[in-house]
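Asks: Have a look at the structure that comes next, please.
The values are calculated or read from the model by the stated rules, or taken from the named source; none is laboratory data. Just so we're clear, the structure is a prediction, and the values are computed from it rather than from any experiment. With ideal geometry, Cβ positions are generated from the backbone for all residues, glycine too; neighbour counts draw on all protein chains shown. Heavy atoms of the whole protein, side chains included, go into the accessibility calculation; ligands, DNA and RNA do not. Shrake-Rupley method; radii C 1.70, N 1.55, O 1.52, S 1.80 Å.
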Amino acid sequence: MENQSPILDIKNLCISYYTRAGEIPAVVDFSLEVKQGETIGIVGESGCGKSTVAMAIMQHMGANGGIKSGSIKFKGRDMTQMSAEELRQLRGSEIAMIYQEPFASLNPSLKISTQLMEVPLTHESISVDEARQRTIQILADVKLPDPERILNSYPHQLSGGQQQRVVIAMGLLSNPALLLLDEPTTALDVTVEAGIVKLIADISKKYGTSQIYISHNLGLILETCDRVFVMYSGEVVEEGTIDSLFTWPRHPYTHGLFGCIPLPTADKNAAPLKPIRGQLPLPFERPQGCYFGPRCDHFVQGRCDGEHVEMEQIKGSAADHRARCLRWNEIEIDAEIPEGAAKAAIEVGKRVLEVKKMKKYYEVVNNSFNAIISGNRVRQVKANEELNFIAHEGETVAIVGESGCGKSTFAKVLMGLETGTDGEIIHKGNEISEIPVKSRSSGQISSLQMVFQNPFDTLNPSQTIGSQISRVIKMFDIEKNKDKIYEMVMKLLDTVKLPRDFYYRRPRQLSGGQKQRIGIARAFAGNPSMVIADEPVSALDVSVAAAVTELLMEIQREHKTTLLFISHDLSVVRYLSDRVVVMYLGQIMERGDTDQIFSPPYHPYTEALLSAVPIADPEVNKREIVLEGNIPSPLNPPKGCPFSTRCHRRIGEICDSQPPPDQLAAERHVIKCHIPLEELEKIEPVISIPDASARIRKPETVSQ
Amino acid sequence: MNAQFLLGKIIRSVITLWITVSLAFVLLRLAGDPAEALIPPDAGPEVVEYYRVKWGFDKPIHVQYFKYFGALVRGDFGFSLHTGKPVHDIVFQKVPNTLLLGGTAFLIALFVGIPLGVLAALKRNSLIDRVVMSFSVFAFAMPNFFFGLLLILSAAMIFHTFVGAGELTFWSLILPACTLGLANVGSLARFTRSTVLETLNKPFMAAALAKGVGMSRRIVHHALPNAAIPIVTLLGLSLGGLIAGSVVTETVFGWPGVGSLLIRAVQTRDLGVVQFIVLMVASTMTAVNLMVDLLYLVIDPRIRVK
């Protein structure tokens, strides 16, 4: 307002990395202005150069990176011309940065007190006592209880959420003018993330800090920022205010991104996701003209592949909205339905899996002297407590929950990698919970397969793709004849939409999305009746993830496979599953059809989880519920309801002392809670979507 | 809890010592009759037999073993077959010399190797880095005896003095100490470089930079404690070796230490002396190892048990 000159002014910045292969331009022609108190979002997929921008602002490019041209002016002074000492004085006092992984950005061998007090001690001439007072105060500001204990701890003694609060406190200690946040919550659980996001917003408002928020998550950017820059392959392709860009995206890439994320309006049958074809070009393989050209549906030969495309002001937009597209004015993005073609729903068939009172306890043996004396040597971790649910043929059942909820343990028992402690898992009429994978017949193994979370580590790097898939076919006794196996592998490659010559490639020649397709081909090699997908797309970029998700569902549809989808992401779950099981600390809190889960009555945890997931649609209204505290350790769970320590609807003593009953809200919809159903039914929906007519808004036009 | 941890470590060390000493005992007895080796060949068989009985070599090996071990536990390390003096007197006479040489070599390794490694890591891929790394390859590729001889020759050429031959002067110390230290400087510099480089690439180092922490503090306070564990491990190994004496270097320079004593004792089949040196080497090695384990606790808070 009063201070009109920007805090940070980046003009035509070009950054390159110099390697043996030559110069690799990482960021091209990047301009950005940050005003006092403003929050800027930079969004893009991996390799788009967003983190490089942050590193350039910190003037910390590593050994082989360098600013080629352009300027970065901080409060009017060009940072590219500053001496090392001048930069050092700026860093930490005027510009602070919060890194992605809180645990990795805290020094493991120094106490929290040392790491925090260092900031004021470096930049100001104050005494150690004063510095300590200041850190205690800032720890209270980031809502960390018991600051004295935190100060005397080492990083590994704190939980992920606490660590991130410490890191934020560290960034804010000297009250910087500019705060850079590089994926500050990506490593955290959603309900913890929601708390951190709110905290950052509150504090920066309190101190008037400007922020640059870097994220791959459009929903998060929507919730936190004023303006947003969309980056693709090293350059900004579109920029504008949140409202303008999210409501009227102009660049086909931005638009394509929205088609890739499962918004609450998406539906796997009526309005499926529309993945962007192809993949991000490597920096030295960028095409002529528009970098997005080869993946764009509106590409025109002779025009889009000519001169390099410049940023252009979107005429008729009041907000400062620009796009790097020659045809922004011609293409009718709004007229086109963003979602892909509709598909028929699959019919749900007979019962494939039945889980009855399944329990999995781990024993933790404590060999300490105290434990031996007190006789408490063996403690039980109740990873899964009385799980009950059913899955049918062709059905997609999602298991949702945050870290430590037991969803992966359940998958391990199902696969036979662990054996259950009690209860039954009946798969196609056979009890399998106590049969380890070694004792299962090859038929049993092949009919129950898994797609793993991390496609980068699950393929053997020294074997060709073909031999890895052939091996599965041989192992499962499906086919012995070499030529027939080869034929089958070819068919599988067709199924997962990869070129047939991938047979001879090795994993290192494949991108993440392609690797995950191989993972899917491997899982479906034995024609399984059930596939467990453990966060199959969480390691992939948005545009690639959408394609892999769609592929997975297409194959499922074709083979009528039961899909057990394990995820922490409720938007994906809402999009693709028929039934949902919500888990918390080893217990099922709620289970039911997807519609039942996503509308009242909710379990309070489901309600909080729904509220915590950022949604990249500015017109969707969401009720804010921020949970306090951290997820308790599974070693020491609360006595009564596992959620009682964080529940925003806790009704009293009963929640702490007694396990809640399973209440039947409707047929096959069960809520484990002490609150009477009538009360739960009165709860307002968390997410409300305006109907279609109310959604059509016109861009504000500039009054000439 | 920590006391329990320590106790466990000590028990394990004692077991290691016992195994080493027993193995040495058995192997030395299997390597031929010491009486025959010690007695001049022109002596009659009855003389050999006399000494065999006198030294107890006529008894079955397990009887000898229990006798030796019983004495060991009581603090009696036996006598030299050669001179008849108690072995610990003979060996301890040489220990100060070995300690002096080993200690000096260790200090050279420490104060040259670590800074060189840190420097190379900081100036990665620069000329300095290449020079340091080439030097370190040279240092541990060079055989000790050869480098020692080179030094002796150079000293003789340049200063017209001949060092060695058992005298205890500054020059006669510094040349073997350099020889012995050199190999350790090489491996230590290389090791330090890679572990410091790894630490420098950790996100918390970028975070420290973002806080505005100065260069020297970043290296000394933030990087080195995290890079220390592998360095301490290597230092422990080389310290053990240095204290136990270097057979080759001491022999080349004629340094009157434990190493040259060991050579002589082996040549003359002086079993008592050899066994005592083996016991001493094993003890220092396990003691240093124990110290290294305890140092881990000091360096890395994550290893400390809650």
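Asks: Which distance in nm do the two modelled labels at A:ASN388 and B:VAL220 give, with both placed 7 Å along the Cα-to-Cβ direction?
Replies: 6.6
Asks: What does the structure give for B:196-206 when I average, per residue, the other chain Cβ atoms found within 10 Å of the residue Cβ?
Replies: Mean partner-chain Cβ count within 10 Å for B:196-206: 4.
Asks: Then there's this: In peptide B:213-223, what is the residue-averaged number of other protein chain Cβ atoms found within 10 Å of each Cβ?
Replies: 3
Asks: With a cap of 13 neighbouring Cβ atoms within 10 Å, and only residues DSSP puts in a loop, list the trypsin sites (Lys or Arg not before Pro) found in the range A:599-664.
Replies: Listed in order of number, the matching sites are A:ARG623, A:LYS639.
Asks: Setting aside same-chain residues fewer than 8 positions from B:LYS67, which lysines have a Cα under 29 Å from its Cα?
Replies: Straight-line reach from B:LYS67, under 29 Å: B:LYS9, B:LYS54, B:LYS59, B:LYS85, B:LYS94.
Asks: Would you calculate the separation in nanometres between label points at A:GLU628 and A:GLN36, each defined as 7 Å from the Cα along the Cα-to-beta-carbon direction?
Replies: Distance between the two pseudo-spin positions: 3.6 nm.
Asks: Take each uninterrupted DSSP H stretch in chain B, measure its Cα extent along the helix axis, and return the ones at 30 Å or beyond whose mean Kyte-Doolittle hydropathy is at least -1.0.
Replies: B:2-30, B:87-108, B:170-200, B:271-299
Asks: Classify the range A:95-237 from the C-alpha gyration tensor, please: rounded if a/c falls under 1.5, else prolate or oblate depending on whether a/b exceeds b/c.
Replies: Judged from the Cα gyration tensor, the range A:95-237 comes out prolate (a/c at least 1.5, a/b above b/c).
Asks: Here's another thing I want to ask about it. Please work out the average accessible area per residue across the range B:158-271, using the 1.4 Å probe convention, and give it in Å².
Replies: For the range B:158-271, the solvent-accessible area averages 40 Å² per residue.
Asks: Right, something else. On average, how much accessible surface per residue is there in chain A, in Å², for a 1.4 Å probe, leaving out ligands, DNA and RNA?
Replies: 43
Asks: Going by average Cβ density within 10 Å per residue, which order do the peptides A:505-512, B:26-33, A:243-250 take, highest to lowest?
Replies: Descending packing order for the listed peptides: A:243-250, A:505-512, B:26-33.
Asks: For chain B, compute Rg over Rh where Rg is the Cα radius of gyration and Rh is the Kirkwood radius from the inverse mean 1/r over Cα pairs.
Replies: Value, to two decimals: 1.07.
Asks: Multiply the residue gap between A:GLU23 and A:LYS205 by 0.36 nm, knock off their C-alpha separation, and tell me the result in nm, one decimal place.
Replies: Value of the extension gain: 61.4 nm.
Asks: In vacuum, with every alpha carbon of the range B:95-256 counted as one equal point scatterer, what does the Debye formula give for log10 I(q)/I(0) at q = 0.10, 0.11, 0.17, 0.19 Å⁻¹? Two decimals, please.
Replies: Each listed q corresponds, in turn, to -0.43, -0.51, -0.95, -1.09.
Asks: Let me ask another. Rank B:GLU46, B:GLU250, B:GLU198 by mean-square fluctuation in a GNM of chain B with C-alpha springs under 10 angstrom and give only the top-ranked residue.
Replies: B:GLU46
Asks: Now for a different question. Have a look at the range A:163-194 and report residues whose accessible surface goes down by 40 Å² or more when the remaining protein chains are included, against the chain on its own, probe 1.4 Å, ligands and DNA/RNA excluded.
Replies: Checking the loss per residue gives no hits.
Asks: To the nearest 500 deg cm²/dmol, what mean residue ellipticity at 222 nm is calculated for the protein assembly as shown from DSSP H runs of n ≥ 4 alone, each contributing -39,500 (n - 2.57), summed and divided by the residues?
Replies: Helices in the protein assembly as shown give a 222 nm mean residue ellipticity of -13500 deg cm²/dmol.
Asks: Just the number, please: carbon plus sulfur as a percent of the accessible area of chain A, 1.4 Å probe, no ligands or DNA/RNA counted.
Replies: 49
Asks: While we're on this one: Restrict the search to the range A:416-448; then list the GluC sites (Glu not before Pro) that DSSP places in a loop and that have at most 16 other Cβ atoms within 10 Å of their Cβ.
Replies: Of the GluC sites (Glu not before Pro), the ones in loops of the range A:416-448 whose Cβ has at most 16 other Cβ atoms within 10 Å are A:GLU434.
Asks: Please report, to one decimal in angstroms, the Kirkwood hydrodynamic radius of the range B:248-306 built from all distinct Cα-Cα pairs.
Replies: After inverting the pairwise mean of 1/r, the radius is 13.8 Å.
Asks: Carbon and sulfur together cover what percent of the accessible area of the range B:2-85 at a 1.4 Å probe radius?
Replies: 69
Asks: Now a separate question. Excluding ligands, DNA and RNA, what is the accessible area buried between chains B and A, summed over both sides, using a 1.4 Å probe, to the nearest 100 Å²?
Replies: For B against A, buried area totals roughly 2100 Å².
Asks: What area, in nm² and to one decimal, does the C-alpha convex hull of the protein assembly as shown cast on average over all directions?
Replies: 55.2
Asks: Further question on the same structure: Can you give the accessible area per residue of the range B:2-85, in Å², using a 1.4 Å probe?
Replies: On a per-residue basis, the range B:2-85 sits at 68 Å².
Asks: Still on this model: Can you pull the mean other chain C-beta count within 10 Å for peptide A:109-119?
Replies: Whole-number average of other-chain Cβ neighbours for A:109-119 is 4.
Asks: Go through A:284-293, A:199-208 and give me the packing order, highest mean Cβ count within 10 Å leading.
Replies: Ranking the peptides A:284-293, A:199-208 by packing returns A:284-293, A:199-208.
Asks: While we're looking at this one, here's another question. Would you mind calculating the gained length between B:ILE11 and B:LYS123 on full extension (0.36 nm times residue separation, minus the Cα-Cα distance), in nm to one decimal?
Replies: 35.9 nm
Asks: Which entries in the list A:LYS75/B:LYS123; A:LYS315/A:LYS622; A:LYS428/A:LYS480; A:LYS73/B:LYS211 go over 22 Å, if you measure between the two C-alpha atoms of each?
Replies: Violating the 22 Å Cα-Cα cut-off are A:LYS75/B:LYS123; A:LYS315/A:LYS622; A:LYS428/A:LYS480.
Asks: Using label points projected 7 Å from each Cα along Cα→Cβ, tell me how many nm separate A:SER403 and A:GLU312, to one decimal.
Replies: With each label placed 7 Å out from Cα toward Cβ, I get 4.6 nm.
Asks: If the range B:39-80 were replaced by its equivalent ellipsoid, with semi-axes equal to the square roots of 5 times the Cα gyration tensor eigenvalues, what would those be, largest first, whole Å?
Replies: So the equivalent ellipsoid measures 25, 12, 6 Å along its semi-axes.
Asks: For the protein assembly as shown, give me the percentage of DSSP beta bridges that are antiparallel, rounded to the nearest 5 percent.
Replies: Rounded to the nearest five, the antiparallel share is 65 percent.
Asks: Please report the projected area of the range A:21-110's Cα convex hull averaged over all directions, in nm².
Replies: With every direction weighted equally, the projected area is 8.0 nm².
Asks: Quick one, could you list the DSSP H helices from chain A stretching 24 Å or more along their long axis (Cα atoms) with average Kyte-Doolittle hydropathy of -0.5 or above?
Replies: A:190-207, A:542-559
Asks: R0 = 30 Å: FRET efficiency of B:ASP58 with B:LEU99, Cβ-based, nearest 0.05?
Replies: Working from the Cβ atoms, E equals 0.20.
Asks: Right, next: Just need the Rg to Rh number for the range B:2-85, please, alpha carbons only, Kirkwood Rh.
Replies: Looking at the range B:2-85, the ratio lands at 1.13.
Asks: Could you estimate the translational diffusion coefficient of the range B:79-134 from the Stokes-Einstein equation, with Rh from the Kirkwood formula over C-alpha pairs, at 20 °C and 1.002 mPa s, in whole µm²/s?
Replies: 150
Asks: Please go through the range A:1-109 and write out the GluC sites (Glu not before Pro) that DSSP classes as loop and that have at most 12 other C-beta atoms within 10 Å.
Replies: Within the range A:1-109, the qualifying GluC sites (Glu not before Pro) (loop, at most 12 other Cβ atoms within 10 Å) are A:GLU2.
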